[in-house]
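Reading through the structure tokens given below for one structure.
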Amino acid sequence: MDNVTHAIAGLLVADATVEALTPRGRTPDPAFRRHARWASAVANNLPDLDFLYRGVTPGRLGYLLHHRGHTHTLGVGMLMGLASFFVLTRLWRRSVVSSERLPLLLLSLFGPWIHVSMDFSNNYGVHPFWPLYSGWFYGDAIFIIEPLYLVATIPALALASESRAGKMLLGAIVLVGVALAWVTRFAGVGTALTLTLAAAACAGATYATPRRARTWVALALSASITLVFFTGSRVARARVHEAATANSAQTIVLDDASLTPAPSNPFCWSAMVAGRRAERYELFVATVSIAPKLVPVDSCELEPTGHSLHLSVPTLSSTASVRWDAEWSHPLAELRELWRDDCDARAYLRWARLPFWIRQSNGELLLGDLRYDRSPGLDFAEIEGTIPPTNCPRRVPPWLPPRHELLPAD
């Protein structure tokens, strides 16, 4: 998730904590709310400090391997939260009362965990249990920036803010989110209109809700949004599996399916699938509607992918729910050879979930991941190397390759 959404989540959890600890009939202490909001918002963004050390592995590869790396683990997250607590309470030593210390400590400790759980919800992945387990976990349910969270939660936060500047800043975030829905190519007019109406409805309903209940309503709305998208992801995955295994001349072994919804639209999904047929490694791109009678699959507006690959016409048969858009196929033996003989590829495959490779005419090797192949040029998730590599990457973290089941044992 983006850092604004992480901060908003921290503010909401802080307000819920303050409301829960304030006796009924009393108004929350403004100083306590201010301290709680700062502690929680900071803690909810601490894991993204990984940018400070990504350079230990040079180039794009360092970003890919260390982003959502060690700082996005439960143990390191709590240590960072503890350090944040001591720094903030030291700065506030004259204004923090003893009764605030425990809730501030808990907000600081668990803020990084909330961050990791939110990052889990999309298709980039996290590995929170390192060093006990270094494998990746993917939620495949929430778009990287989901405006519905903002329109559902910010009205309650704005009304609870003491300063006019705080109210205006929070309101501006909602307005920008709604405006982007109208101008970006990722969302259609229907989605933008729905988001606009949702923003107006949430603002009006929040204003009409009693003060003490506003935060809990915002939390309930956030949980409902999450539940809807995770349910949609489960349905979309099942539809993709059914469509991939039906009416195929050769049996397909599905290894993974990366799913991303359209922003603020739980009906339309982009599916990118890795599978095998007859000793060939294959990638498939599909558009999915989980309710084709209500939202036809051809009406789903999603960001295209696969621009570097020159994808082929799909050989799979589409269904009412799943439209196969393109595919790519290479011998599985080539992937295993890259893992065994090419140190650049070996490091890259510790991150790549849907890897592809292109041996270029100039003797260079292009490595990419279908999830983020958004343009013909080099994207943030693509790297170039020589064949054979001139220098092997340094300080490669020990993440379990997402496609480890396809690779030879060390």
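Name the single residue, out of those in the range 253-280 being in a strand (DSSP E or B) and among the acidic types (Asp, Glu), that is nearest to Gly232 (Cα to Cα).
Asp256
Would you point out which residue out of Trp357, Trp339 is in contact with an Asp or Glu (Cβ under 9 Å, 6 or more places away or on another chain), of a type in the set (Phe, Trp, Tyr) and under 28 Å from Thr57 (Cβ atoms)?
On the way: Trp339 fails: in contact with an Asp or Glu (Cβ under 9 Å, 6 or more places away or on another chain).
The match here is Trp357.
Search the range 202-224 for residues that are farther than 23 Å from Ser117 by Cβ and pair each with any residue that is at pLDDT below 95 and not in a helix (DSSP H, G or I) when their beta-carbon atoms are under 8 Å apart and the residues are at least 6 apart or on different chains.
That search, which allows pairs on different chains as well, returns Arg212/Arg24.
With the structure loaded, tell me whether Leu65 is under 30 Å from Leu349 (Cβ atoms), in a helix (DSSP H, G or I), touching a Lys or Arg at 6+ places or on another chain (Cβ under 9 Å) and among the aliphatic types (A, V, I, L, M) or whether it fails that test. Reasoning before the result, please.
Values: under 30 Å from Leu349 (Cβ atoms): yes; in a helix (DSSP H, G or I): yes; touching a Lys or Arg at 6+ places or on another chain (Cβ under 9 Å): yes; among the aliphatic types (A, V, I, L, M): yes.
So Leu65 fits the description; yes.
Being in contact with a helix residue (DSSP H, G or I) (Cβ under 6 Å, 6 or more places away or on another chain) and either farther than 24 Å from Thr89 by Cα or surrounded by fewer than 16 Cβ atoms within 10 Å (Cβ to Cβ) (or both) is the filter here; which residues of the range 22-48 pass it?
Passing the criteria: none in range.
From the list Val56, Val87, Val97, which residue is over 17 Å from Ala7 (Cβ atoms), under 25 Å from the mean Cα position of the chain (by Cα) and of a type in the set (Val, Ile, Thr)?
Going through Val56, Val87, Val97 in turn, the sole match is Val56.
Anything in the range 329-377 that is part of a loop (DSSP other than H, G, I, E, B), on the phi < 0 side of the Ramachandran plot, touching a strand residue (DSSP E or B) at 6+ places or on another chain (Cβ under 7 Å) and modelled with pLDDT under 90? List them, or say none.
Gln360
Only helices (runs of 4 or more DSSP H) wholly contained in the range 89-188 count here; list those with 3 or more residues that are in the same structural domain as Ala41 (by TED's automatic domain parsing) and crowded, with 18+ Cβ neighbours inside 10 Å.
Numbers: elements: 98-120, 147-160, 164-183.
Filter on the range 89-188 gives 98-120.
The values are calculated or read from the model by the stated rules, or taken from the named source; none is laboratory data. Everything numeric here is computed off the predicted structure, so don't read it as measured data. Counting neighbours? That spans all protein chains shown, and the Cβs are built from the backbone with ideal geometry, glycine included.
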